[in-house]
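The values are calculated or read from the model by the stated rules, or taken from the named source; none is laboratory data. Small disclaimer: the values here were computed from a predicted structure and weren't measured. Here Cβ is always computed from backbone atoms with ideal geometry, including for glycine, and neighbour counts include all displayed protein chains. Each accessible area value is taken on the protein alone, full model and side chains, heavy atoms only, with ligands, DNA and RNA left out. Shrake-Rupley method; radii C 1.70, N 1.55, O 1.52, S 1.80 Å.
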Amino acid sequence: MIRIGEYNDLEAFKRVDFGVYLGSEEEWVLLPSKWVPDELALGESLRVFVYTDSKDRPIATTDAPVATIGEFASMEVVDMTKYGAFVDWGLEKDLFVPFARQTGALKKGQRPIVYVSLDERTGRVIGSTDLGRCFEYDIADLHVGQEVTLLVFDFNDAGAQVVVEGRYRGIVYHDETFEALQIGQQINGWVKQLRDDNRIDVSVRRPGHGSVV
């Protein structure tokens, strides 16, 4: 099954003037000519990213987005419409962020953290800056002292709000860092406390060391 919004390893089975069809006669997607490698032969498998074009048709590309379905990334707002915003996620067609999936009005030139998902109703890949609904809240796989990856997505009076391990919601309190963090910054940290509300307190100082990592 071809998965929209994800990478797929697909076989080239038919060449046409405007590209190559990947997959099979039963289920296929077009890879337009500008992305077809010169050395690609029929019968060979190619790793591509599949999304939808301006007419909502599945399309393949060898370009790589900055995030796929289920991932968070910093993306620049490049256009605004009466329906929502468009952000640059590294592909020819920008990613749409509907107003219903935004927290606060986005503005052109901003670089918010965007979560990528598949709209089950339309079959389109869309973005969201309303991140509260995007986190996983079962933190049973984590333990205190564990080293984790962090992505800063917001700030409040207590500290920096972070995406932990690309999945969970956490906070780095002001007294847990000596440096000024920025939205979109990616750093390593260590789990300090697992809270009853399934959020995570994180430090950017290695346990047992006084310096910032």
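A full extension of the chain between Asp197 and Ala180 corresponds to an added length of 3.5 nm, given 0.36 nm per residue minus the alpha carbon distance. Could you pull out the longest piece of the chain with no exposed loop trypsin sites (Lys or Arg not before Pro) in it, calling a site exposed if DSSP puts it outside H, G, I, E, B and it has at most 15 other Cβ atoms within 10 Å? The longest such stretch corresponds to 122-194. Each residue of the stretch 192-197 was assigned a 3J(HN,Hα) from its phi angle through the Karplus curve 6.51 cos²θ - 1.76 cosθ + 1.60 (θ = phi - 60°); the sequence is 9, 7, 9, 8, 5, 8 Hz, with glycine and proline shown as x.
Summarising the amide proton neighbourhood of Val114: residues at separation of 5 or more, or on other chains, whose placed amide H is nearer than 5 Å comprise Ala73, Ser74, Met75. Computed from the Cβ-Cβ distance with R0 of 30 Å, the FRET efficiency linking Arg121 to Phe18 stands at 0.50. Computed from phi, the 3J(HN,Hα) profile of the stretch 156-165 under the Karplus parametrisation 6.51, -1.76, 1.60 (θ = phi - 60°) reads 9, 4, 7, x, 8, 7, 9, 8, 9, 6 Hz, with x in place of Gly and Pro. In this structure Ser24 has an accessible area near 40 Å², from a 1.4 Å probe over the protein heavy atoms.
Measuring against 21 Å, Cα to Cα, the residue pairs Lys82/Lys108; Lys34/Lys108; Lys34/Lys82 contain Lys34/Lys108; Lys34/Lys82 as the ones spanning a longer distance.
The length gained on full extension between Tyr83 and Asn188, counted as 0.36 nm times the residue separation minus their Cα-Cα distance, comes to 34.1 nm. Computed from phi, the 3J(HN,Hα) profile of the stretch 137-148 under the Karplus parametrisation 6.51, -1.76, 1.60 (θ = phi - 60°) reads 10, 8, 9, 4, 7, 9, 9, 4, x, 5, 7, 9 Hz, with x in place of Gly and Pro.
Among the lysines, select those whose C-alpha is under 28 Å from the C-alpha of Lys192, and discard any that sit fewer than 8 residues away in the same chain. Partners within reach: none. If R0 equals 35 Å, the separation of the Cβ atoms of Lys93 and Asp157 corresponds to a calculated FRET efficiency of about 0.35. Its Cα gyration tensor gives the chain an equivalent ellipsoid. The semi-axes, each the square root of 5 times an eigenvalue, are 38, 20, 15 Å from largest down. With all protein chains kept in place, the per residue accessible area of the stretch 139-184 amounts to 50 square angstrom at a probe of 1.4 angstrom. Shown are Thr61, Thr177, whose ranking by accessible area with a 1.4 Å probe and every protein chain present, most to least, is Thr177, Thr61. Simple rule: put +1 on each Lys or Arg Cβ and -1 on each Asp or Glu Cβ in the chain, find the dipole, and look at Ser203, Thr129, Phe13; the Cα lying farthest toward the positive end is Thr129.
In the chain, carbon and sulfur make up what percent of the accessible area (probe 1.4 Å)? Spell out each step's value before the answer.
Values: 5390 of 11600 Å².
The C+S portion of the solvent-accessible surface of the chain is 46 percent.
Taking the Cα centre of the chain as reference, the dipole from Cβ charges on Lys and Arg (+1) and Asp and Glu (-1) amounts to some 560 debye.
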